[in-house]
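Right, one structure below, let's go through it.
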Amino acid sequence: ARSSPRLRARGVERFMKHYFLIAKEVGDLTRILCAVLEEQHKRKPRLSFSAITFRKRNIDGFDINSGRLAVTTPDEFTREPVKLLKLFHAAHVHGMDIHPNTLHLVTRNLSLLTGLREHPEANRLFLEILTSAKNPINILRMMNESGVLGRFLPDFGRVVAQMQYDMYHVYTTDEHTLRAIGVVHEMETDSFEEMSLSCHLIHQVQSRRALYVAVLLHDIAKGRGADHSSLGADVALKLGPRLGLTAEETDTVSWLVGSHLLMARVAFKRDIDDPKTVEDFVKAVQSPERLRLLVILTCADVRAVGPTSFNGWKATLLRDLFQRAEEAMSGVLAVPARDHRVAVAKDQLRAALTGWSTSALENYLGRGYPAYWPSFDTATHVRHAHMIADAEANQRDSTVELRQDPARHGTEITVYTGDHPGVFAQIAGAFALAGESIADAKIITMVNGMALDTFWIQGPSGSDEDIAKKLRKIETTIIKVLEGKLWPRRELKNTRSSGLSNRTQVFKVPPRVIIDNTASKTHTVIEVNGRDRPGFLFDVTSALTGCSLQISSAQVATFGERVVDVFYVKDVFGMRVEHEAKLRQIRDELFKAISDPATITPLNDAPLNETVIPAPTLETVATPPVIVNEAKV
């Protein structure tokens with residue numbers, strides 16, 4: 001049966017795959033030709049007794065021709081097919097190049113690899129190359145370019161030259177995979193300052209072979225029209241024993257491939273301060289070893305997407321999730337422990353605010369709800385206390401504090417203002433007018449009815465003078481919006497007229513709303529997907545406010561042209577939203593907010609844990625959700 005049009009590769013993707021394959025072939029032939037020309041024009045060295053006597057003529061059964069590995073006879077691969085793998089193994093071990101004539105013979109004998117797929121020695125050699133102490137990326141790339149990798153691993157051959165038509169994925173799937181393997185190897189040499197956690201954890205893992213095989217296979221099933229993670233897990237179960245992995249290693253690889261998007265989804269799209277988030281994540285991961293392996297695989301996967309895909313902000317989110325999960329696995333995050341953390345946070349603030357009177361200090365400590373205290377460290381609590389005290393002393397209705405945050409490679413903006421419906425939307429509109437995108441948000445309401453909202457943005461960048469100027473603009477814009485001197489909705493109309501570039505406009509992103517009542521015990525979680533545009537977050541938060549919802553926290557992410565915003569909300573009574581009519585209203589209003597003329601028809605065949613618009617009936621999550629969206633990395 002024919003697959004549905006949505007599941008088949010787009011015409012542009014088929015065209016680009018054909019282009020990449022032809023370009024790859026031209027590149028391979030060019031490299032061989034250049035090597036041949038170099039060989040023909042190289043001057044012959046004069047013979048000497050020492051050269052004849054001591055020169056090594058053979059390595060692992062291969063001749064040395066002008067410093068390159070070469071076969072002895074043209075029929076050598078036919079007589080001993082396993083030498084197709086031995087050739088690359090020897091080149092990798094001894095750090096040598098392969099003679100162009102020999103590479104040409106390799107490409108002419110690729111059919112022999114079919115009979116080597118179940119050959120124990122061939123699989124042993126390949127696994128040794130993949131898990132070598134030396135960085136295998138160059139030799140693996142040579143195997144890929146010569147066609148050996150795709151023929152020896154047919155599943156890998158299906159993703160060679162495969163591309164995705166979006167603004168997020170930079171490389172073809174095969175190149176992305178090889179780069180990810182290189183990233184993991186560089187972690188072992190502590191080459192990444194921004195990935196210090198992974199560089200530390202990789203020396204603690206017990207399943208090194210499983211890790212490298214999982215990286216090789218994590219995208220092996222892309223382009224097959226279904227969830228590539230689960231399909232890839234099935235591929236891993238078959239390939240593991242063939243490559244010589246133990247049953248335990250094969251099970252680990254299969255789990256890693258099937259779950260390789262899990263950590264990024266949770267870290268980038270969920271509120272990890274919600275105990276239920278960490279509880280569900282730990283339940284899925286199960287063991288500290290798997291947690292370590294998943295951190296490393298996730299970081300390598302994100303890093304290999306493109307030159308700017310990994311940053312300090314994402315590193316912080318992944319590190320925070322790892323630490324919470326590690327604590328939970330050791331039993332630290334039990335409910336009594338959380339209450340204890342609230343008490344500890346208050347005691348630490350008491351010790352830090354030495355200049356405050358006892359009455360003023362206790363009055364301030366009574367303003368924060370229990371959820372506020374574990375959400376920030378002591379230094380942040382101190383800043384908040386001084387900020388609020390200064391605002392009240394000077395009788396300011398709204399106060400904005402901006403601080404460069406080196407740990408997250410961005411800027412932290414704290415807003416203290418009167419809490420009222422729509423304040424989040426107002427601030428989101430202010431950021432849009434200032435030309436900045438919110439990367440994360442923590443929404444806090446104090447006991448005195450004031451909002452203490454914290455936002456993080458990536459940047460600004462430039463010289464110190466440029467940064468200071470941009471920060472002043474952000475602060476001024478927020479204050480003007482909160483004071484009613486600037487109206488985001490009206491101002492954004494002009495911004496949208498110029499809008500995004502024509503390059504972005506050509507991408508179509510189906511608008512999607514996912515309403516989940518199982519991800520949190522206290523909140524309804526709403527995920528909104530759509531095509532990026534100026535003021536997208538303002539429109540969404542305005543719609544949520546119009547539905548009389550309280551936004552407790554937000555995780556905001558942009559993947560190329562696709563926006564993935566997640567909100568933790570409650571109704572006007574502080575409860576989760578569960579009434580079907582209310583859920584339908586939320587769905588309809590959000591769809592109106594995120595739709596635009598360039599948006600294609602929304603998907604109408606989502607899994608049961610999704611509420612997708614438009615749809616004949618509303619489906620909300622009533623069972624533990626199955627993660628289905630690919631905020632791929």
| message | Which of the three applies to segment 355-408, rounded, prolate or oblate, going by the alpha-carbon gyration tensor with a ≥ b ≥ c and a/c under 1.5 meaning rounded? | response | oblate
| said: With a 1.4 Å probe and all protein chains left in place, how much of the accessible area of segment 439-492 comes from carbon and sulfur atoms, in whole percent? | reply: 51 percent
| message | 7 Å from Cα along Cα→Cβ at both Q348 and D234: what's the point-to-point distance in nm? | response | 4.8 nm
| query | If you roll a 1.4 Å probe over the heavy atoms of the protein chains, what accessible area per residue do you get for segment 517-580, in Å²? | reply | 32 Å²
| query | Along segment 319-327, what does the Karplus equation 6.51 cos²θ - 1.76 cosθ + 1.60 (θ = phi - 60°) give for ³J(HN,Hα), rounded to whole Hz, x for Gly and Pro? | reply | 5, 4, 5, 4, 5, 5, 5, 5, 4
| Around L471, with a cut-off of 14 angstrom between Cβ atoms, what is the net charge of the other residues, counting Lys and Arg +1 and Asp and Glu -1? | -3
| message | As a test of reading the structure, rank R270, R587 by solvent-accessible area (1.4 Å probe, protein chains only), most first. | response | R270, R587
| field | Eligible aspartates and glutamates near K521 by straight Cα distance, threshold 16 Å, same-chain separation 8 or greater | value | D271, D273, D274, E279, D280, D571, E578
| note | Of every hundred units of 1.4 Å-probe accessible area on segment 184-341, the number belonging to carbon and sulfur atoms, as a percent, is 51 percent
| note | Pseudo-spin-label distance E580 to A468, built 7 Å along Cα→Cβ, given in nm, is 6.1 nm
| remark: Taking Cα pairs closer than 8 Å and at least 6 residues apart, the relative contact order of segment 286-389 in percent is 23 percent
| S132 accessible area, assembled protein chains, probe 1.4 Å, Å² | 20 Å²
| Hz values of 3J(HN,Hα) by residue in segment 139-149 - Karplus curve (6.51, -1.76, 1.60), Gly and Pro given as x | 6, 5, 5, 5, 5, 5, 5, 7, x, 5, 4
| task | With all protein chains present, calculate the accessible area of I474 using a 1.4 Å probe and round the result to the nearest 10 Å². | result | 0 Å²
| Rounded if a/c under 1.5, otherwise prolate or oblate - segment 282-374, Cα gyration tensor axes | oblate
| query | How big is the gap, in Å, between the Cα center of segment 183-240 and the Cα center of segment 505-569? | reply | 30 Å
| Just how much of C34 is accessible, in Å², when a 1.4 Å probe is used and the result is rounded to the nearest 10? | 80 Å²
| Given the Cα-Cα distance of R208 and K134 and 0.36 nm per residue of separation, how much length would full extension add, in nm? | 25.3 nm
| Hey, which of these cross-link pairs are over 20 Å Cα-Cα: K470/K508; K493/K570; K508/K592; K86/K134? | K470/K508; K493/K570
| query | Considering only protein heavy atoms, what per residue accessible area in square angstrom results for segment 218-289 with a 1.4 angstrom probe? | reply | 35 Å²
| note | Simple SL model, points at 7 angstrom along Cα→Cβ for R396 and V447; separation in nm is 2.5 nm
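The values are calculated or read from the model by the stated rules, or taken from the named source; none is laboratory data. No experiment lies behind these values; they were computed from the predicted model shown. Note that we place each Cβ from the backbone using ideal geometry, even for glycine, and neighbour counts take in every protein chain shown. Just the protein is used for accessible areas: all its heavy atoms, side chains included, with ligands, DNA and RNA removed. Shrake-Rupley method; radii C 1.70, N 1.55, O 1.52, S 1.80 Å.
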